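Inspection log for the structure reproduced underneath, given as structure tokens.
The values are calculated or read from the model by the stated rules, or taken from the named source; none is laboratory data. Note that the structure is predicted; figures quoted are calculated from it, not measured. FYI the Cβ positions are ideal-geometry reconstructions off the backbone, even for glycines, and counts take in every protein chain you see. Heavy atoms of the whole protein, side chains included, go into the accessibility calculation; ligands, DNA and RNA do not. Shrake-Rupley method; radii C 1.70, N 1.55, O 1.52, S 1.80 Å.
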Amino acid sequence: MHEWALAESIIMAVVDLAKRENAKEILEVELLVGELQTLNIEVLEFALNELKRGTMAENAKIKFSKQFPRFKCIACGNVWEIRNLENILSRDEIESIHFIPELSHVFIKCPRCGSNDFQVTEGRGIILKGVVLKK
Amino acid sequence: MMPDIRLYRLKKTMDKVKNIISVASGKGGVGKTTISTVLSLILSERGYITGLLDLDFHGPSCHTILGIDKMEYEEEKGINPYKAAENLYFASIYPFVKNGYVPLRGMELSNALIEFLSILNWKELDCLIIDMPPGMGDVLLDFIRLVPSPKFLIVATNSALVIQTVRRLIKFMIEGNFNILGIVANMIRNDDALVRELAKEFSIKFLGSVPFDQYFEKVLGNMQEILRTNLAAALSDIVEQYIKLK
């Protein structure tokens, strides 16, 4: 689990952004959480709330939206979505993808042609979607 | 455009490293992994807190030289590199993929590199040795974009086939103003002239020759025996003469 590491990155990134924009305060942080990385949102939220203390993001509202992973096979063009990784992967495999989502190419294959050569088109990992600043 | 959050932690974790030596070649099969791994063993044995990072995602193999089969990372707000020996901390994607194949395209390699570098909790290191993959693709390009002030130790063998590829890498590095520590001639049986000439051509340091060591294969996985090989002795001389850690 590396939600704390991600939370630390998020706080550093939004504070840096606010400073570069000469903002007085960060009002809102919007995060898009791709479910391929199987992040524990509760842990992430807890870590963010702890780490934002004493920073420009202290009073920021943190908003989360989730996205299921979607894939496009480069070999055959098939497009598919996975709603529950636990149905097709072992715990260790999910854990590896949790740390490095690209390792999905080691464990996931196109359900139509069996190729590992696919793109993750959505829902790969966590993305900073928006930040609302008070100037 | 919103910033890439991973880069912030990547910078923070790399800031703990005093010296970064990246072992590169451009050509595969010249012994980068052997040189990187043995170099890390020598430095750690000399008392330097050393990291070894295997960035060959398609074919990680430093663990085989170190004799590590079952390896698990300790998780602590990220992952702690594995303590392979006294003063030596090791990171590789091997524990995640074991013996599975890793088919990744360009942007995926880039993302895997950024993700991996940003989750590693390096200790305060005197030196981080990095085993680079062959070629001049995404991993090298992202590495030089993201990692602060690496010094490159170039590895070549005394073969015209190798030299022409290594020449391209050196040109690229000189034109990009990257810091080249020097060039090592590896797997030398009796003649290292081509590598010496290449060093002269670009006015870079010829660090020394490492002999082809038939015995090395037999001691794979045994760190103490590896340090007694002719290969390690030659690398020790190079460390003594040229690797001055801040």
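Below are the figures for this structure:
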read-out	value
Ordering of A:35-48, A:68-81 by packing [mean C-beta count within 10 Å, highest first]	A:35-48, A:68-81
Heavy-atom surface of the stretch B:15-152, accessible at 1.4 Å and reported per residue (Å²)	35
The stretch B:143-230, Cα convex hull volume normalised per residue, Å³	121
Interatomic Cα distance distribution for the stretch B:5-240, bins of 5 angstrom, percent	1, 7, 15, 19, 21, 17, 12, 6, 1, 0, 0
Peptide-level mean, for B:76-84, of C-beta atoms on other protein chains within 10 Å	3
Three-way shape label, the protein assembly as shown, alpha-carbon gyration tensor, a/c 1.5	prolate
Distance between the stretch B:199-215 and the stretch B:149-197 - C-alpha centres, whole angstrom	8
Cα convex hull of chain A, projected area averaged across orientations, nm²	8.5
Longest DSSP-loop-exposure-free segment, chymotrypsin sites (Phe, Trp or Tyr not before Pro), chain B, at most 13 other Cβ within 10 Å	B:102-214
Spin-label pair B:Tyr101/B:Lys218, simplified geometry with 7 Å Cα→Cβ offset, distance in nm	3.4
Percent of C-alpha pairs per 10 Å bin, the stretch A:1-72, short to long	19, 51, 24, 6, 0
Cys residues of the protein assembly as shown counted as unpaired, since no other Cys beta-carbon is under 4.7 Å	B:Cys62, B:Cys127
Low-density loop cleavage sites - trypsin sites (Lys or Arg not before Pro) in the stretch B:20-120, where at most 16 other Cβ are within 10 Å (DSSP)	B:Arg46, B:Lys70, B:Lys98, B:Arg105
Total charge dipole magnitude, the protein assembly as shown, about the Cα centre, Cβ charges on Lys, Arg, Asp, Glu only, Debye to nearest 20	980
Within 10 Å of each Cβ in A:94-105, the average number of Cβ atoms from other chains	6
Alpha-carbon gyration tensor eigenvalues x 5, square-rooted, for the stretch A:70-122, Å	18, 11, 10
Antiparallel bridges, percent of DSSP beta bridges restricted to the protein assembly as shown (to nearest 5)	35
Accessible area per residue, Å², the stretch A:70-122 with all protein chains present, probe 1.4 Å	51
Radius 13 Å from Cβ of B:Gly28, net charge of other residues (Lys, Arg +1; Asp, Glu -1)	0
Buried solvent-accessible surface, both chains (A, B), 1.4 Å probe, Å² to nearest 100	2700
Cβ neighbours within 10 Å from other chains - mean over B:201-213	0
Solvent-accessible area, 1.4 Å probe, carbon plus sulfur percent, for the protein assembly as shown	47
Count of lysine pairs in chain A with Cα separation under 22 Å (8 or more residues apart, or interchain)	26
Candidate aspartates and glutamates for bridging to B:Lys200, where Cα separation is under 17 Å - those fewer than 8 sequence places away on the same chain excluded	B:Glu175, B:Asp191, B:Asp192
C-alpha center-to-center spacing [the stretch A:75-135, the stretch B:14-53] in angstrom	32
Compactness relative to 2.2 N^0.38 Å, alpha carbon Rg of the stretch B:99-161	1.31
16 Å Cα-Cα reach of B:Lys83 towards lysines, excluding residues that sit fewer than 8 places from it in its own chain	B:Lys70, B:Lys123
Karplus (6.51, -1.76, 1.60) ³J(HN,Hα), θ = phi - 60°, over the stretch A:57-68, in Hz, Gly and Pro reported as x	9, 3, 9, 5, 7, 9, 10, 10, 10, 10, 9, 6
